[in-house]
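Read the structure below first, then the notes.
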Amino acid sequence: MIETKTKKAKEKGRGQVVVEMLLILPVFLTIIFTIMEMGNLAFWVIVLNHATYECARIGAMEATGPDGSGPRDVTGQMQAIMSRIIATARIEKTTHAEATLTDPQANVTNHDLVVVGSYDAHLVFPISSLLLANPPGSGLRHLEAVVRMPIEQPLPR
């Protein structure tokens with residue numbers, strides 16, 4: 001008689017584990033997938049920063065003419081380089097040369113090239129993309145990188 005009571009108690013507990021798992025599993029998977037998605041976004045942020053840096057470096061060298069005139073607009077050249085690194089990334093039109101300090105020895109005003117790169121990263125996991133998408137529901141996250149690079153200028157003779 002005692003054995004049948006414990007047997008019935010064990011049979012009642014079997015469904016409890018399944019119910020607990022069904023309640024916890026979606027929350028657990030959402031946390032895991034969100035962590036993985038954030039790793040994916042971190043990868044694209046690093047790639048975008050590097051690509052924007054390379055574009056700014058080349059743009060800073062090309063922003064002055066051989067005679068030292070400039071700064072001039074090199075956004076088209078930088079966009080071509082950016083497209084080779086990340087096919088769908090863009091150099092924003094807000095890229096500009098910004099005056100910094102005047103060199104007292106050469107009496108030349110220095111400029112920094114401010115380059116803004118942007119990329120819409122595709123989110124991989126559907127649940128976490130609801131949390132991380134920008135704009136919501138698009139499955140994309142808009143990323144931007146801003147790099148300042150001093151423009152190379154030949155010294156006046």
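The values are calculated or read from the model by the stated rules, or taken from the named source; none is laboratory data. If you're wondering where the values come from, they're calculated on a predicted model, not measured in any experiment. Neighbour counts are summed over all protein chains in view; Cβ atoms, including those assigned to glycine, are modelled from backbone coordinates with ideal geometry.
Values computed for the structure shown
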| quantity | calculated |
| --- | --- |
| Any chance T34 is part of a helix (DSSP H, G or I), under 19 Å from A121 (Cα atoms) and at pLDDT below 95 | yes |
| Residue match in region 144-157 (condition: among the polar types (S, T, N, Q), modelled with pLDDT of 90 or more and buried (at least 16 other Cβ atoms within 10 Å of the Cβ)) | no |
| All positions within region 117-154 that are aliphatic (A, V, I, L, M), touching a residue at least 12 places away in the same chain (Cβ under 8 Å) and closer than 17 Å to I35 by Cα | A121, L123, V124, I127, L131, L132, L140 |
| Close pairs (6 angstrom Cβ cut-off, 6 or more residues apart or separate chains): over 20 Å from I151 (Cβ atoms) in region 40-66, surrounded by fewer than 17 Cβ atoms within 10 Å (Cβ to Cβ) and among the β-branched types (V, I, T) anywhere | N40/V124 |
| Enumerated strands (runs of 3 or more DSSP E) restricted to region 62-154, each holding at least 3 residues that are touching a Ser or Thr at 6+ places or on another chain (Cβ under 6 Å) | 108-122, 140-150 |
| Answer residue from region 111-154, given it is over 17 Å from the mean Cα position of the chain (by Cα) and β-branched (V, I, T) and is nearest to A80 (Cα to Cα) among those | V114 |
| Scan of region 74-106 for residues that are free of Cβ contacts under 8 Å to residues at least 12 places away in the same chain and either over 21 Å from F43 (Cβ atoms) or of a type in the set (G, A, S) (or both), ordered by number | G76, A80, S83, A87, L101, T102, D103, P104, Q105 |
| Qualifying residue in region 82-90 (condition: out of contact with any Pro (no Cβ under 8 Å at 6 or more places or on another chain), of a type in the set (S, T, N, Q) and surrounded by 13 or more Cβ atoms within 10 Å (Cβ to Cβ)) | yes |
